[in-house]
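Visitor: To start, I am sharing the structure in question, which I have written as structure tokens.
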Amino acid sequence: MAESSESQQYTRRLAEYVVETQAAALPETVMSQARTVVLDTLTSLVGSTAPSYAATRVVHDYVRQAGGAAQASVSGLRARVPAANAALANGTLADNLELDDSHPRTGAHIASSVIPAALAAAEWGRCDGASFLAAIVVAYDLECRAILAANPASMYARGFHPSAVLGAFGATAAAAKLLGLDVERTINALGLAGSQASGLMAWETDPTQMPKSLQLGIAARNGITAAALARAGFSGPPAIFEGRYNVLHAFSNDATFEPLLEELGTRYEINLTGLKLYPVCRFLHATLDAFFEIQRRYRPPAAEIVTIQVRMPRAGVRIIDNNELRSHNVQYVLALAALRGPLRVADIYRDERSDPRVAELMARVHVGSDARLDADAAGRFSEPAEVTIRMTNGRDLRARADAASGDPEKALDWAAVVTKFTAIASGVVGTRRTRRLITCVENLDQLDDMGQLGALLRSR
């Protein structure tokens, strides 16, 4: 039985927002943040093409061997490939270095599905840069509201990965806008996104992190597929967010519809996302800020550390305490930080636990929750963390970070992201091409054809 028009109000209103929002109507602060988030995401897209990453080699081989129409670019690959495969590959690369954005209110990695889908659709559709940026903005707004409506804590409890399951909707929104879908076809595309939605937290049991990255690539690919099929006339469930078998109730035991439209068009979620300084789980960033503050103040020798005690809100402890993934393991991350200082991506990708110094320091790191910090975190974008280092002389060195560097309360500006991008990209593609990429992204709203950015991402 078809859903009534009244029951379609949420899906339809979201589709109207996607179609009707124009770049010229968006505040410059929002467009500026979109440019910043794009460059931040390119850090992982370009950085992942270094020859040491197995995930990149495999996904490059996969899309190369699949062949097909030359529609869109993959970072580090000479040939253009079908748009859906470009989104799959770039989505996987975007999450590969654990440097992609993390939206504090949802805990989701929005950019890794949205921006690869937008890049593929914009190049395929020969879109201009301003339209590309506007598509990213509305995609953030739709995806973040869908995750909030589903209640990410409920999804995690059931073993579903919100970044992947609902990332398909952000990717679809971006692709639908850039491929020129009208409202009815956008509704169909969103329905088809829901029909493909997937993603399990099982990736936490694989220390390679490859399944986690692939799930973001799948969400990006599904967005292109949904939009392309809908553009061609394929039908999708018409009320995917509120119908009888809606996606929210399928993946959550505690979903509510109201967040879907809350402050739509006035609260721009891309301005509320967090950008990472460190290549680790976002729940470790405030901890690292506090730890590095102690290092700056006191310069404690690693050999004289007796214990490192971490306190944080309860939600973060389960994720980072002795996690099988090195990038999510507070013991491993703080041991490396104590021994080597600022963290590099290579420090996380190489398993250093066989080093006796690392293993010994890991055993001295302890983490626990603190109800006081839970209360301090309520209603804020960031979770605070406290670190206490006890030294062999009995002295306790303490620091607290109320917010993580890069989160909205301590946001990274354009200059900081340029520094981050340059540090990673210049060693992979060289200084000249790094500068050309920065200039291209800085002037995206003046770019006539997004294929120019695609060409810079392809290998020479």
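The values are calculated or read from the model by the stated rules, or taken from the named source; none is laboratory data. All figures in this text were calculated on a predicted structure; none of them were measured in a lab. Cβ sites come from the backbone with ideal geometry, for glycine too, and all protein chains shown count toward neighbours. Side chains are part of the model used for accessible areas, which takes the heavy atoms of the whole protein and leaves out ligands, DNA and RNA. Shrake-Rupley method; radii C 1.70, N 1.55, O 1.52, S 1.80 Å.
Visitor: Taking the condition over 25 Å from LEU97 (Cβ atoms), in contact with a strand residue (DSSP E or B) (Cβ under 9 Å, 6 or more places away or on another chain) and modelled with pLDDT of 95 or more, does SER252 pass? Walk me through how you get there before you give the answer.
Guide: Details: over 25 Å from LEU97 (Cβ atoms): yes; in contact with a strand residue (DSSP E or B) (Cβ under 9 Å, 6 or more places away or on another chain): yes; modelled with pLDDT of 95 or more: yes.
Yes; evaluated as a whole, the condition is true for this residue.
Visitor: Which residue pairs have Cβ atoms closer than 6 Å, lie 6 or more positions apart in sequence or on different chains, and pair a first residue in the stretch 414-433 that is touching a residue at least 24 places away in the same chain (Cβ under 8 Å) with a second residue that is surrounded by 13 or more Cβ atoms within 10 Å (Cβ to Cβ) and outside any helix (DSSP H, G or I)?
Guide: Hits for this filter: VAL428/THR49; VAL428/ALA50.
Visitor: Within the stretch 89-115, which residues are touching a strand residue (DSSP E or B) at 6+ places or on another chain (Cβ under 9 Å) and not small (Gly, Ala, Ser)?
Guide: Residues satisfying the conditions are ASN90, ASP101, HIS103, PRO104, HIS109, ILE110.
Visitor: To continue, here is another question. Return the residues of the stretch 40-59 that are over 17 Å from ALA455 (Cβ atoms), open to solvent by 10 Å² or more (accessible area, probe 1.4 Å) and either not in a helix (DSSP H, G or I) or not aliphatic (A, V, I, L, M) (or both); say none if nothing qualifies. Working first, answer last.
Guide: Taking the stretch 40-59 as the starting set, the residues that turn out to be over 17 Å from ALA455 (Cβ atoms) are 40-41, 43-44, 47-48, 50-59.
With open to solvent by 10 Å² or more (accessible area, probe 1.4 Å) added as a condition, the list becomes 50-55, 57-59.
Those that are over 17 Å from ALA455 (Cβ atoms), open to solvent by 10 Å² or more (accessible area, probe 1.4 Å) and either not in a helix (DSSP H, G or I) or not aliphatic (A, V, I, L, M) (or both): ALA50, PRO51, SER52, TYR53, ARG57.
Visitor: Out of all the residues in the stretch 193-208, which are more than 17 Å from ILE110 (Cα to Cα) and either crowded, with 24+ Cβ neighbours inside 10 Å or touching a Leu at 6+ places or on another chain (Cβ under 6 Å) (or both)? Before you say what the answer is, go through the steps one by one.
Guide: First, pick out the residues of the stretch 193-208 that are more than 17 Å from ILE110 (Cα to Cα): 195-196, 202-208.
Residue satisfying the conditions is PRO207 alone.
Visitor: Do you know which residues across the stretch 423-458 are part of a loop (DSSP other than H, G, I, E, B) and in contact with a Phe, Trp or Tyr (Cβ under 9 Å, 6 or more places away or on another chain)?
Guide: Going through the stretch 423-458, the residues part of a loop (DSSP other than H, G, I, E, B) turn out to be 430, 443, 447-450, 458.
Result: LEU447, MET450.
Visitor: Identify all residues within the stretch 301-321 that are under 20 Å from LEU373 (Cβ atoms) and not in a helix (DSSP H, G or I); write none if there are none.
Guide: Step one: filter the stretch 301-321 for residues under 20 Å from LEU373 (Cβ atoms), giving 307-321.
Across the stretch 301-321, the qualifying residues are THR307, ILE308, GLN309, VAL310, ARG311, MET312, PRO313, ASP321.
Visitor: Considering every residue within the stretch 228-245, establish whether at least one is touching a residue at least 24 places away in the same chain (Cβ under 8 Å), surrounded by 20 or more Cβ atoms within 10 Å (Cβ to Cβ) and part of a helix (DSSP H, G or I).
Guide: Yes, because at least one residue in the stretch 228-245 is touching a residue at least 24 places away in the same chain (Cβ under 8 Å), surrounded by 20 or more Cβ atoms within 10 Å (Cβ to Cβ) and part of a helix (DSSP H, G or I).
Visitor: Can I ask one more? Scan the stretch 153-192 residue by residue and report those that are of a type in the set (S, T, N, Q), under 17 Å from ALA108 (Cβ atoms) and either surrounded by 24 or more Cβ atoms within 10 Å (Cβ to Cβ) or at pLDDT below 95 (or both). Steps first, please.
Guide: First pass over the stretch 153-192, keeping only residues of a type in the set (S, T, N, Q): 154, 163, 172, 186, 188.
Keeping just the survivors that are under 17 Å from ALA108 (Cβ atoms) gives 154, 163, 172.
Passing the criteria: SER163, THR172.
Here is a yes/no grid of residues against (1) open to solvent by 40 Å² or more (accessible area, probe 1.4 Å); (2) out of contact with any Asp or Glu (no Cβ under 6 Å at 6 or more places or on another chain); (3) of a type in the set (D, E, K, R):
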position: ALA335; (1), (2), (3): no, yes, no
position: ARG340; (1), (2), (3): yes, yes, yes
position: LEU343; (1), (2), (3): no, yes, no
position: SER354; (1), (2), (3): yes, yes, no
position: VAL367; (1), (2), (3): no, no, no
position: ARG372; (1), (2), (3): yes, yes, yes
position: ALA378; (1), (2), (3): yes, yes, no
position: MET391; (1), (2), (3): no, no, no
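Visitor: Another question, if that's okay. Give the stretch 80-138 a look and list any residue that's part of a helix (DSSP H, G or I), open to solvent by 10 Å² or more (accessible area, probe 1.4 Å), among the hydrophobic types (A, V, I, L, M, F, W, C) and under 17 Å from ASP448 (Cβ atoms), or say none.
Guide: Once the filter is applied, which keeps residues that are part of a helix (DSSP H, G or I), open to solvent by 10 Å² or more (accessible area, probe 1.4 Å), among the hydrophobic types (A, V, I, L, M, F, W, C) and under 17 Å from ASP448 (Cβ atoms), the stretch 80-138 yields LEU119, TRP124, ALA130.
Visitor: Can you name the residue in the stretch 257-300 that is of a type in the set (Ser, Thr, Tyr) and in a helix (DSSP H, G or I) and is also surrounded by the most Cβ atoms within 10 Å (Cβ to Cβ) among such residues? Let's see the steps before the verdict.
Guide: Going through the stretch 257-300, the residues of a type in the set (Ser, Thr, Tyr) turn out to be 266, 268, 273, 278, 287, 298.
Retained after the next criterion (residues that are in a helix (DSSP H, G or I)): 287, 298.
Details: THR287: 31, TYR298: 13.
Result: THR287.
Visitor: List pairs: first in the stretch 385-400 and more than 12 Å from TYR298 (Cα to Cα) and in contact (Cβ under 8 Å) with a residue 60 or more places away in the chain, second of a type in the set (S, T, N, Q) and outside any strand (DSSP E or B), Cβ under 6 Å, 6+ apart or cross-chain?
Guide: Close Cβ pairs (under 6 Å, with a partner that is of a type in the set (S, T, N, Q) and outside any strand (DSSP E or B)) amount to ALA385/THR287.
Visitor: Could I ask something else about it? Within the stretch 301-320, can you find the residues that are open to solvent by 60 Å² or more (accessible area, probe 1.4 Å) and in contact with a helix residue (DSSP H, G or I) (Cβ under 7 Å, 6 or more places away or on another chain)?
Guide: ARG311, ARG314
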